[in-house]
Structures are given as C-alpha cells and as structure tokens.
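Readers should treat all values here as calculations from the given coordinates under stated rules, not as data from a laboratory. Just so we're clear, the structure is a prediction, and the values are computed from it rather than from any experiment. No Cβ is skipped: glycine too gets one built from the backbone with ideal geometry, and neighbour counts run over all protein chains shown.
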Amino acid sequence: MTAIWSLLLPVLAGTVGGLLALRTGIPAAPLAGALLAAGLVSLTGNLEPASWPTGTRTALEIGIGTVIGTGITAAALNDLRQLWRPALLITLTLVITGLVVALICSRLLGLDPVVALLGAAPGGISGMSLVGAEFGVGASVAALHAIRLITVLIVLPLLVRLVLPQTGPPG
C-alpha cells in the first residue's frame with residue numbers, strides 16, 4: 001500500500017472514531033475514539049507505519065498546547081489561591097504513586113522502564129504520548145493512557161453518583 005494511504009486511512013479512521021465517540025457524552029471521548037480507531041487501523045498490519053510530513057507533529061503539539069493553554073483563565077489563577085495546597089499534595093502523591101507503580105510494573109511484570117514511567121505518570125494521554133514519542137515508545141504509552149483514561153471516564157462518574165447520589169450532570 002502506498003505511503004499516502006498509510007497516512008490517510010488512519011486519519012480517516014481517527015476522524016470517524018472521534019466523531020462517533022463524541023456521541024457518547026464521555027469527557028475527552030473524541031480523543032479516545034480517534035486514538036482507538038486509528039490504532040485499530042494501524043494494527044491490521046496491512047499498512048506501512050504512517051510517515052507524517054515534516055513539521056506535522058510540531059504543529060499538532062502547538063495546537064494541543066494552545067487548546068490546554070486557553071483553559072488557563074484569570075478565574076482559574078484566582079482559584080489557585082485556595083487550591084495550591086491540595087494541588088501540591090495531589091501532584092506529589094500522584095508522582096510518587098506513579099513512580100512506585102512504574103517500578104513494580106517494570107520489575108515484576110517486565111515492562112520497559114521508560115514505558116512504565118511514562119505510562120504511570122499522572123499526565124494526560126496527549127502530553128504523555130508526545131513525551132513517549134520523543135523516547136520512541138509513544139504508541140505503548142498512548143495505549144496505557146488510553147486504557148486508564150477510558151476506565152476513569154467510565155468508572156468515576158458512576159462512583160460519584162453512587163457516593164454522592166444527589167450529584168448529577170448540570171442541566
């Protein structure tokens with residue numbers, strides 16, 4: 001199969017997967033849907049690995065950074081006056097827990113230490129996958145984070161409803 005098809009088919013699959021996932025109402029569903037659909041197409045083995053045009057990855061990283069950055073508002077910074085202690089505690093706890101889980105996965109389960117560290121890191125799927133790509137393990141890190149993300153997005157809303165029955169989606 002030609003190089004153009006090895007790029008266009010995953011893009012098309014990712015677009016369709018992301019749009020279909022959007023209908024689920026799960027937060028970050030388009031990202032997870034696109035990742036799963038493009039990954040499934042790549043897994044068929046019928047395509048050569050996609051060769052992205054020079055600068056594409058940089059443009060996507062800039063786009064992701066811009067989307068995340070626009071969420072940082074004056075109100076969010078104002079909230080940090082009260083949230084900095086819990087934010088620090090949560091961050092330290094997640095990083096330490098991630099290190100422990102990564103060490104266990106690496107030693108006991110034979111997982112590559114870089115994949116284990118980045119896969120257990122508390123970052124999001126897009127950021128950690130991009131960091132993983134820098135180390136040549138982006139697909140493995142993305143797979144670990146996709147499983148985590150999908151599980152958390154399905155399980156946590158159910159737990160919130162069970163623990164706090166009066167809490168529901170706004171509307």
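In the chain, the longest principal axis of the Cα atoms and the axis of helix 29-43 are about 30 degrees apart.
Tell me, what is the percent relative contact order of region 82-171, built from C-alpha pairs under 8 Å that lie six or more residues apart?
18 percent
For the chain, relative contact order (Cα pairs under 8 Å, six or more residues apart, normalised by length) works out to 15 percent. Here region 41-171 is treated with +1 on each Lys and Arg Cβ and -1 on each Asp and Glu Cβ, and its dipole about the Cα centre works out to around 400 debye. Computed over the chain, the per-residue total of -39500 (n - 2.57) for DSSP H runs of n ≥ 4 gives a 222 nm mean residue ellipticity of -25500 deg cm²/dmol, rounded to 500.
Among (1) 30, 22, 18; (2) 36, 16, 13; (3) 26, 20, 15, only one was calculated for this model; which label is it, if the read-out is semi-axes √(5λ) of the Cα gyration tensor in Å? The calculated read-out lines up with (1). For the options ALA146, ALA76, ALA102, a Gaussian network treatment of the chain with springs between C-alpha atoms closer than 10 Å singles out ALA76 as fluctuating the most.
List the trypsin sites (Lys or Arg not before Pro) within region 17-104 that fall in a DSSP loop (any state other than H, G, I, E or B) and whose Cβ has at most 13 other Cβ atoms within 10 Å. In loop regions of region 17-104 (DSSP not H, G, I, E or B), the sparsely surrounded trypsin sites (Lys or Arg not before Pro) are ARG23.
Shown in residue order for region 75-81 are the 3J(HN,Hα) couplings computed by the Karplus curve 6.51 cos²θ - 1.76 cosθ + 1.60 at θ = phi - 60°: 5, 5, 5, 4, 4, 5, 4 Hz (x for Gly and Pro). Annotation: peptides 124-134, 155-165, ranked by per-residue average of other Cβ atoms within 10 Å with the highest first, follow the order 124-134, 155-165.
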